[in-house]
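All remarks here apply to the structure that follows.
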Amino acid sequence: MLRFDRRLVLNFDWVLLLILVLIGIMGLTNLYSASHSGRMLGTPVYMKQLYFFIIGFGLILAIVSVDYKVLLSWNYSLYVIACLLLLFSLLFGKSVANTQRWINFGFFYLQPSEPAKLTLVITLASYYYRKDTGKGFSLKELTVPMLLTALPFLLILKQPDLGTALMLLFIFVSMTLFVKLRWQTLAILSGTCLSAIPIGWKFFLKPYQRQRIETFMNPEGDPLNTGYHIMQSKIAVGSGLKFGKGFMHGTQGQLDFLPERHTDFAFSVWAEEWGFVGSLILLGCYFFMILWGLNIAVSSRDKFGVLLAFGIVSLIFWQAFINLAMVMGLLPVVGMPLPLFSYGGSSLMTTMIGIGILMNIRMRRYMASS
Amino acid sequence: MSRFLTSIHKMDEAELNTLKRRIDIATAVAIFFIAILIVRLWYLQIHRGDDYAQLSENNRVRAQDLNAPRGNILDRQGRIIITNRPCFNIVWVREDAPNPDVVLKKLSRILHEDISVLLKRIRSYADHPRYMPFRLQEDIDWRTLVYIENHRLDLPGVRIEVLPTRDYLHGDLASHLIGYLGEINEKEMKKHADGDYDLGDQIGKMGIEKIYEKYLHGEKGRKYLEVDVHGLEQKQIKVRKPLPGDDLQLTIDIDLQETAEKAMADKAGAVIAMDVKTGKLLAMASTPAMHLEEFIGGISTVAWKGMLNNPLHPLIDKTIQGQYPPGSTYKIVTALAALSEGATTPETIVYCPGYYSFGNRKYGCWKKTGHGPVNLRRALKESCDVYFYQMGQKLGVDTLARYAHSLGLGSKTGLEMENEKSGLTPTEAWKRKRYNESWQDGETLSVAIGQGFNLTTPLQVCRMTAATVNGGILFQPQIVESITDPDGKKIKQFEPIIEGHALGTQEDLDIIREALTAVVNEPHGTGQASRLKEISVGGKTGTAQVIHLSKYRDAKPEEIPYKYRDHAWFTCFAPSENPEIAVTVLIEHGGHGGSAAGPVAKQILQRYFAKKTAVAQKLQP
């Protein structure tokens, strides 16, 4: 198993690595600026993020050296571990701003909802790979994947972390649509979902979550409180104009007007300081990464690889899209980092592991039948 | 490993193609969503970019007004009466105070102010935005300031604001004349809509400060600061310096004003000194003074009520708002009318037995034993009432009124001050209109000696005196000499304004002037208390009856209740040969004019001529 295969080196996905490094450099540069004026103690966040990147590259190396197909046998163990971590964080986790999202590992606070996303991708890919008959799934056959999604979904919703919970739904929907569905299944499912929205609004959303969505609809209504984030973020992005205010010269970011500017709103800092041109470059990188990922899915010779690659790409894509749409005022504010760009070890590790798996699939595209 | 590999489902071509088609759809979906992001980015950064750039500037830049120091107020020699000093206010910013209770508890200890007072003040600003500062306490003392500055970090939410405020170098000197400042109200905001006033600004509320507000105010400056989200100053972007107000040079002489106010220290009344040849006022004092310092930062209710209820009425400017019967000083009017109208000559003798019978009533002379035979000169010198009763009877009230008017009585002097009273010079027509009754001849007798309906302000009497001895010229009294802008350029010089001329010839006026000189300088003159060694002074005493009560007729002044005592007048001029200065003193309930008011006038004259001698000696070493 550990026999070194020359083809692995030859087939290594240098392109994906290059995009990863590019986005990483931009992200670290941006974090340097975003954390510059902050009165934070200890290691600056860009340094911590750099360490996570280095660890992440180590993880990628480890991942690519093992055939991704092992995941088929590991997936239920992974799923159980992820759910246990979620449960543990709920029961014993560190509470930040009334949410239970963190587990203290001494050197590192783990946010178990991040690996849970990736675990769900792996779990669903395995399940669909095993059960796909090629005739499309019936509602009955979807019961298991729905339950597999519902458990971590509810655990995360309980933290509460609406953004991440919704992410699990996005993954489920994307991957389920990707494998074949029966038309009637699709119709029933979408009907149920639509009717569930008002019920969910009334019974499942916390008041602050409802308020966030209401504020999103009318941000100018209450500019100093809840609409503040959206307003300030739009101002930051908009005031960047064509070429930006220059590195470290963004006033919205440097003068503290932007909240959460090294995590969820990191892109606002970037857009303010680098303008339309800089933003397009960053967006282009993500776009290219998505297309490349889809290409990896297509070129995979086995169906598990296709499903897994597609799941990982949709995970990265939806996070990026929701985050960017949110900071540009197109979607309500939910906790959602920009993968690879926002500060946060759990998110960065998860994304890099996902990219590692993508590379793994890419490298073994000719080896599936061997 | 091989177990996995063999278990891997190998796709046939058809299945692979289906998946590829789905990937194509997924690609299209991704392109669609990314296109949305790019369009949004373009909309924010390019299409509406300038709007957001402006909003970001508004966030970043905070403009701060810099209050201009008001113009100085100087005396006629250019000595500063009032200037500015920094005033330190405690300002509260709710946004910066996470634990207001703790901070306010500390603050109340520092300020020796009950915490409820501070809370009340804060509550009154409840509808202000949280970031907007407002004043908690104004004009704190130096020790409090140092303490707060040293404990800044323990007092989040507390800031110190520095504003220029009035510095009264001479205390309450000329308080009524100068007036005071106060916080601008809505009405004043409307009135000065074109000026750069904001709520909370100081504005002249009275006196010179109010009338010359336009000049004294200056022009606000502006400071542009870069602030962070907490409003903390990061750096200064640019500054437009404030333009100080124009300096106002008064015609007032600090020394004479001080002398007047000191001489009147324990009395209620008015003193006016006028340059006879220009109508400019050298001193203008009303006592008791207002306490100007108490008005800084808004006068307290207690202090205000105290002034309002003070029986000596410190809030009234008695020089122009106090209306008193002119008493015997009015005999100048009667004498001038009598001479001009030919009712008397300098030689005409009238016998005074101590009373004058008219109708079925006896009108008493102040000297009950009578003056015997008196001519005009002696009648003025000894203030014989009987002589002037007869003159009044001959002339009639309307003729007297004509002469009184020509000497400026019965109408406002036109001094540039607010709320000046016009006094009252009665006529037959006036009485008919006012009371719907016809004039009684007996009333003319009272008017002729300055009693009855007659009312004058001290300023009117002073101007009358000046007009009597300056060739009959009635000047409009002035208190401002010139206005100078902050660069030292004189932008306005006030020239004397002639308002009219006294009726009567120069000869008649000379006769009166000579007689008035005798009042001070000859035996039996009523004004001898004001005699000076070197300089010849002329003047006229007056004792204005407040109330006619028979039970007090023979009582000594000390035995009469204060409010019923007569007002004491003395109006004078010097040097009598060629008068330069006229001084009028009125002491409310002061008793006899000569003895009560005379010495006050004398002190002012002494000071005036002492200064003049000193200047002359300096010029001729």
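The values are calculated or read from the model by the stated rules, or taken from the named source; none is laboratory data. A quick note: this is a predicted structure, and the numbers were derived from the prediction, not measured. Note: ideal-geometry Cβ built from the backbone for every residue, glycine included; neighbour counts use all protein chains shown. When the accessible area is computed, the model is the full protein with side chains, heavy atoms only, and any ligands, DNA or RNA have been set aside. Shrake-Rupley method; radii C 1.70, N 1.55, O 1.52, S 1.80 Å.
Numbers at a glance
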quantity	calculated
Selection from B:Pro346, B:Val102, B:Ile479 lying farthest towards where the dipole of chain B points positive, charges on Cβ	B:Val102
Acute angle (nearest 10 degrees) that the helix B:458-469 long axis makes with the longest principal axis of chain B, alpha-carbon atoms	50 degrees
Average accessible surface area per residue within the stretch A:224-272, 1.4 Å rolling probe, Å²	31 Å²
B/A buried area, accessible surface, summed, 1.4 Å probe, Å²	4600 Å²
Cα centroid separation, the stretch B:202-280 to the stretch A:168-215 (Å)	72 Å
Most fluctuating residue given options A:Phe53, A:Phe310, A:Phe243, as computed from a GNM of chain A linking Cα atoms under 10 Å	A:Phe243
Average other protein chain Cβ within 10 Å of Cβ, residues B:36-42	6
Listed residues A:Phe12, A:Phe265, A:Phe105, most fluctuating in chain A (Gaussian network, C-alpha, under 10 Å)	A:Phe105
Gyration tensor verdict on chain B (Cα atoms; rounded if a/c is under 1.5, prolate if a/b is larger than b/c, oblate otherwise)	prolate
For the stretch A:261-294 versus the stretch B:327-402, the gap between their alpha-carbon centres in whole angstrom	106 Å
The stretch A:6-363 - charge dipole about Cα centre, Lys and Arg +1 at Cβ, Asp and Glu -1, debye rounded to 20	820 debye
Average Cα contact separation per residue, the stretch A:6-363, under 8 Å, 6 or more apart, as relative contact order %	27 percent
Extension gain from B:Val29 to B:Leu153, taking 0.36 nm per residue of separation minus the Cα-Cα distance	39.1 nm
By accessible area with a 1.4 Å probe, ligands and nucleic acids excluded, highest first: order of B:Tyr125, B:Tyr212	B:Tyr125, B:Tyr212
Crossing angle, helix B:397-406 versus chain B [Cα axis fit, 0-90 degrees, rounded to tens]	50 degrees
Mean Cα-pair separation over length for the stretch B:484-621, i.e. relative contact order, pairs under 8 Å, 6 or more apart, %	19 percent
Residue of A:Thr351, A:Thr43, A:Thr123 that the Gaussian network model of chain A assigns the largest fluctuation, springs spanning Cα pairs under 10 Å	A:Thr43
CD proxy at 222 nm, helix term only [per DSSP H run n ≥ 4: -39500 (n - 2.57); per residue of chain B; nearest 500]	-10500 deg cm²/dmol
Most positive-pole-ward Cα, B:Gly322, B:Ala582, B:Tyr387, against dipole of the protein assembly as shown from beta carbon charges	B:Gly322
Net dipole in debye of the protein assembly as shown [+1 Lys, Arg Cβ; -1 Asp, Glu Cβ; about Cα centre; nearest 20]	3720 debye
Per-pair calculated FRET efficiency, R0 = 41 Å: A:Thr43 and A:Tyr76 via Cβ, rounded to 0.05	0.65
Solvent exposure ordering (accessible area, 1.4 Å, most first) of B:Lys490, B:Lys367	B:Lys490, B:Lys367
Inter-chain shielding of A:323-332 (mean C-beta neighbours from other protein chains, 10 Å cut-off)	2
Long-range amide H partners of B:Ala268 with built H, under 5 Å	B:Glu588
Listed residue pairs exceeding 24 Å between alpha carbons, taken from B:Lys214/B:Lys318; B:Lys331/B:Lys368; B:Lys280/B:Lys602	B:Lys214/B:Lys318
Relative contact order [Cα under 8 Å, 6+ residues apart], chain B, whole percent	13 percent
Helix-only mean residue ellipticity at 222 nm for chain A, each DSSP H run of n ≥ 4 adding -39500 (n - 2.57), per residue, nearest 500	-22000 deg cm²/dmol
List B:Leu445, A:Leu71, B:Leu66, ordered by accessible area with a 1.4 Å probe, largest first	B:Leu66, A:Leu71, B:Leu445
Probe 1.4 Å - accessible area at B:Ile203, Å² to nearest ten	0 Å²
Inter-chain Cβ neighbour average for residues A:251-261, partner chain, 10 Å	4
Global geometry of the stretch A:160-293, whether rounded, prolate or oblate, following the gyration tensor of its Cα atoms and the 1.5 cut on a/c	oblate
Accessible area (Å², per residue) of the stretch B:459-556, counting only protein heavy atoms and a probe of 1.4 Å	47 Å²
Mean Kyte hydropathy of 0.5 or more with a Cα span along the axis of at least 27 Å, helices from DSSP in chain A	A:14-34, A:45-64, A:71-92, A:183-203, A:266-299, A:303-327
Spatial separation of Cα centroids for the stretch B:78-104 and the stretch B:157-183, in angstrom	14 Å
Shape call, the stretch A:6-363: gyration tensor on alpha carbons, a/c limit 1.5	oblate
Dipole of chain A, positive end: most advanced residue of A:Ala34, A:Val333, A:Gly284 [Cβ charges, Cα centre]	A:Gly284
Label-to-label distance, nm, for residues given as B:Glu183 and B:Tyr125 (7 Å Cα→Cβ offset)	1.0 nm
Helix B:13-42 vs. chain B, principal-axis angle (Cα, 0 to 90°, nearest 10)	10 degrees
Sulfur and carbon atoms: percent of accessible area, the protein assembly as shown [1.4 Å]	58 percent
Of B:Lys421/B:Lys611; B:Lys106/B:Lys235; B:Lys367/B:Lys540; B:Lys362/B:Lys412; B:Lys412/B:Lys490, pairs whose Cα-Cα distance is over 25 Å	B:Lys421/B:Lys611; B:Lys106/B:Lys235; B:Lys362/B:Lys412; B:Lys412/B:Lys490
